[in-house]
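The values are calculated or read from the model by the stated rules, or taken from the named source; none is laboratory data. The structure displayed is predicted, hence computed values, not measured ones. Please note: Cβ atoms are built from the backbone with ideal geometry, for glycine as well, and neighbour counts cover all protein chains shown. In case anyone asks, the SASA skips ligands and DNA or RNA and just uses the protein heavy atoms, side chains included. Shrake-Rupley method; radii C 1.70, N 1.55, O 1.52, S 1.80 Å.
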Amino acid sequence: MRFSRALSFGVLVLLMALAPACRSGNDPSVGGRPEPGVALALATERARSIHDVRYDLAFDIPARPSEPIAGRAIVRFSLDDRSHPVVLDFEPGRDALTSVSVRGKPVGFDVVNGHIVIGKDVLDHGDNSLEIVFRAGDASLNRNPDFLYGLFVPARAHLAFPCFDQPDLKARYTLELTVPSAWQAVANGAELKRERLGDRVRIQYAETKPIPTYLFTFATGRFDVESAERNGRMFHMFHRETDRKKVERNREAIFDLHARAIAWLEDYTRIPYPFGKFDFVLIPSFQFGGMEHSGAIYYNASSIMLDESATENQRLNRASAIAHETAHMWFGDLVTMRWFNDVWMKEVFANFMAAKIVNPSFPAVNHELRFLVSNYPAAYGVDRTGGTHPIRQPLENLNAAGNMYGAIIYSKAPIVMRQLERMLGPARFQEGMRAYLQHFQYGNATWLDLVKVLDDLSDRDIAGWSKAWVEEGGRPSIHTEWDGGGQLAFTQSDSQSGRALHWTQQMDVLVGTAAGTQSLPVALEGPRADVKDFTRIARPTFVLPTGGGIAYGDFTLDDASRAYLLRHVPELKDPVARGAAWVTLWEELLDRRVRPLDLVELGLRALPMEDTEQNVQLMLGSIDAAFWHFMTEPARLALAPRLEQACRAGWTRASSSSLKSVYFRAFRSMVRTTEGTALLQRVWHRDEKIPGLTLAEPDEASMALELAVRRVADAAAIMEEQRRRFQNPDRQARFEFVVPALAADRSTREAWFERLNDVKNRRREPWALEGLGYLNHPLHAAESERYIRPALDLLIEIQRTGDIFFPKNWMDAVLAGHSSRAAADEVKRFLDEKPDYPVRLRRIILQSADDLFRAAEIVDSR
Ligand SMILES: [Zn+2]
């Protein structure tokens, strides 16, 4: 699965029972009353007593999403222990059950808290077969007017059909789908045969390899299918793109990227692709960046099918998304975590492998820089906050598994894994991976299983290293001790009280001298590392512990180095050093050791000299954040002419359309002057073109919204015209949804926000988030402070009914535009009033509010 910052559309659901599950009796797992969700105790008991699970599933799917889906499941399993009833998970409940039979005879059963409880007396020691006829639940089936797709991660299969919904009861699935004959369909297994039944078609799929419920899926509807052969393997791509030219422009690259990823992984792991056929589905407004259903990967269509104006970063992101999901076929699908507390493992491996895979496809790209830019800021974004958490967290019930995901898993864990590879050496690390995959293939393993494999291969203390980096949250505070002379040391401390952790890490320290820069390897193991023979370096000008792009922590530079870097970053020759300096100075800004304006001024000087797109993007992103979050309105207006000029000069100077696009997007986001806004209007009206830049439908829609949020005089006419311009109905519907959130008229905005109280209006989560972002735009922050409290009040409900990233994205969308003390106080008041608020949601609020809390200090302190 891949985290997507450009989110998506959701569904109702989950009993993400926030209330601590009430445990009835002494044995919560197997008594008459299993608790809601899938409790660890229940799962542990089932994994002990149930084996060799097979599902034979049939779904009869009508065209209209309002009509019910009839389902039939034959669940076969071997039972070791008949002392307890067998508990299946099935959320739709008794009303959705027609019958449960054993050997053709109906049997009695109980329905308790989303479970079917089958009495032990009707079951056999050894092989059992239950036949269940039911109406499928819609909650995880993402039913749209002419397509649907199952999305069962982390434990949502049982919202649709009865099953043992836990990752360590892997099962083989056979599937039969009956769908409208004009529809396409895809599932994990290969299509075996189809049979026409009037205006319907029945399709049978081959039995799968053993896979967990969260990797089982099917999708059906109006899709186009593209096929291609690579290295003797057929690939099928299901999509709904209406622009034929766009498909043609993208398809070869998409197939190539998959084929290359497979070849690389087969070579690295020495295990052939484990799941037979390989298909993928591009879904409009998909909830995630991607989801690794074995043999049937899903992607967010817009991140795979790119516009002509795609930036270099978007092309890299696409390659990474494809490599990430493909890597999951081995890491996650072939070997699966035992429980969702180790979900980070599959994510970190997929990211880690993706980085290795993507490199050869983009020889012109600086991959060290890419790793730095895509991971460090995001990881710090959570790890610096009061809402941080360990990579590995306890998880009592799968209905809270959504809380496991986020930047700590997606961005910190890859950094940590790279440290591990450096500690072991790449060859030994690869050897460890091969041994681990071989040993646990088609089964499950925990992080500790892997630590043991690696510990056996190494004389380093892997378990001790794992404790600080994996089993605890937060980052070391690292200070440079340098007086400008020949003595240099680094100290580390733990800012979290009562813990006194030490993080072992290798740092590639960069030292500036009159003659250039030198890299200095420093191993930080205890509380202090003195750098020996630093005296041999003649007249150092600065020390940057993060300069090699490796070190992780909250760094306090010495005063001389900070002052030097604020003047001289653009002169550093190595783009990684420039990127690392920028990231470090940004953290110093957040800790109030660098003034926002000083960083923006540095950026304005650096941009004309910066030739690396990723650094340009990094700098413009920080400038944008400093501009909107950490500056007063008068300071913004004073700065705007120069910022806009810098963007315009940037796109004029840029040699690639992707770099032009980076500058244009920054301009679009920050434009404040009358002249700049007029330029944006002329470009949107197609009266002026930016040479070398093609603006596609989504670009025009974004420009229209940016103009509307600035309340330009002809905003209404622009909205009208934009409606007429849409070719793509999905994009148009999204636009229509978002527009009222930008209305100049307060009651319209208020009504739009009110509608979000109804889960139906939140189902398309990216739409809701986009609207919320504009509603709380910094330009209207004062008038939208009123929405902060109700948005907070809704958070529990958001978590209960939304997809896993929705709570965090919801809070981000609500708070990102705010920087006032009043807004910060509103959030703090909410947290103070609710000492018993669910801890994971409290963390999410603390994460999302971190910039706001800092902004209230930074902006007000001027
Ligand atoms: Zn993933």
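Here are the numbers for this structure:
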read-out	value
Ala378 vs. criteria surrounded by fewer than 23 Cβ atoms within 10 Å (Cβ to Cβ), within 28 Å of Asp812 (Cβ to Cβ) and within 16 Å of the ligand (Cβ to nearest atom)	yes
Of all residues making up the stretch 764-780, the number that are farther than 27 Å from Ile283 by Cα and either at pLDDT below 95 or outside any helix (DSSP H, G or I) (or both)	2
Matching strands (runs of 3 or more DSSP E) fully within the stretch 470-538 where at least 2 residues are open to solvent by less than 30 Å² (accessible area, probe 1.4 Å)	476-482, 488-494, 505-513, 516-524
Unmet requirement for Ala185, which otherwise passes all of (1) in a strand (DSSP E or B); (2) in contact (Cβ under 8 Å) with a residue 40 or more places away in the chain; (3) in contact with a Gly (Cβ under 9 Å, 6 or more places away or on another chain)	(2)
All helices (runs of 4 or more DSSP H) inside the stretch 637-735 with 1 or more residues being in contact with a Gly (Cβ under 6 Å, 6 or more places away or on another chain)	657-670
Residue check, Tyr410 under 26 Å from Glu613 (Cβ atoms), at pLDDT 95 or above and of a type in the set (Ser, Thr, Tyr)	no
Test: residue in the stretch 594-602 that is assigned to a helix (DSSP H, G or I) and under 24 Å from the mean Cα position of the chain (by Cα)	no
Matching residues, the stretch 330-356, being near the ligand (Cβ under 9 Å from one of its atoms) and among the acidic types (Asp, Glu)	Glu347
So Asn313, is it within 16 Å of the ligand (Cβ to nearest atom) and open to solvent by 10 Å² or more (accessible area, probe 1.4 Å)	no
Options Asp127, Asp110, Asp121, Asp138; residue that is open to solvent by 10 Å² or more (accessible area, probe 1.4 Å) and in a loop (DSSP other than H, G, I, E, B)	Asp138
In the stretch 827-852, the residues that are open to solvent by less than 40 Å² (accessible area, probe 1.4 Å) and in a helix (DSSP H, G or I)	Val827, Phe830, Leu831, Leu841, Ile844, Ile845, Gln847, Ser848, Ala849, Asp850, Leu852
Leading residue by the ranking (surrounded by the most Cβ atoms within 10 Å (Cβ to Cβ)) among those in the stretch 770-794 that are in contact with a Gly (Cβ under 6 Å, 6 or more places away or on another chain) and not aliphatic (A, V, I, L, M)	Asn776
Residue identified as surrounded by 22 or more Cβ atoms within 10 Å (Cβ to Cβ), at pLDDT below 95 and either of a type in the set (A, V, I, L, M) or in contact with a Cys (Cβ under 7 Å, 6 or more places away or on another chain) (or both) among Val335, Val348, Val365	Val348
Set Ala301, Ala327, Ala321: member being within 10 Å of the ligand (Cβ to nearest atom) and in contact with a strand residue (DSSP E or B) (Cβ under 7 Å, 6 or more places away or on another chain)	Ala321
Test: residue in the stretch 539-555 that is basic (Lys, Arg) and modelled with pLDDT of 95 or more	no
Hits in the stretch 215-262 (condition: in a loop (DSSP other than H, G, I, E, B), in contact (Cβ under 8 Å) with a residue 12 or more places away in the chain and either open to solvent by 20 Å² or more (accessible area, probe 1.4 Å) or under 29 Å from Ala355 (Cα atoms) (or both))	Phe216, Thr217, Arg222, Asn231, Arg240, Glu241, Thr242, Asp243
Ile804 vs. criteria assigned to a loop (DSSP other than H, G, I, E, B), under 26 Å from Arg384 (Cα atoms) and among the β-branched types (Val, Ile, Thr)	yes
Hits in the stretch 422-439 - residues which are surrounded by fewer than 16 Cβ atoms within 10 Å (Cβ to Cβ) and closer than 19 Å to Thr546 by Cβ	Arg422
Where Asp611 falls short, out of the listed (1) in a loop (DSSP other than H, G, I, E, B); (2) open to solvent by 30 Å² or more (accessible area, probe 1.4 Å); (3) at pLDDT 95 or above	(3)
Unmet criterion (only one of (1) touching an Asp or Glu at 6+ places or on another chain (Cβ under 6 Å); (2) open to solvent by less than 10 Å² (accessible area, probe 1.4 Å); (3) of a type outside the set (Gly, Ala, Ser)) for Ile283	(1)
Residue pairs meeting the criteria (Cβ under 6 Å; at least 6 apart or on separate chains; first more than 16 Å from Tyr405 (Cα to Cα), in the stretch 835-856; second among the basic types (Lys, Arg) and open to solvent by 10 Å² or more (accessible area, probe 1.4 Å))	Ala856/Arg821
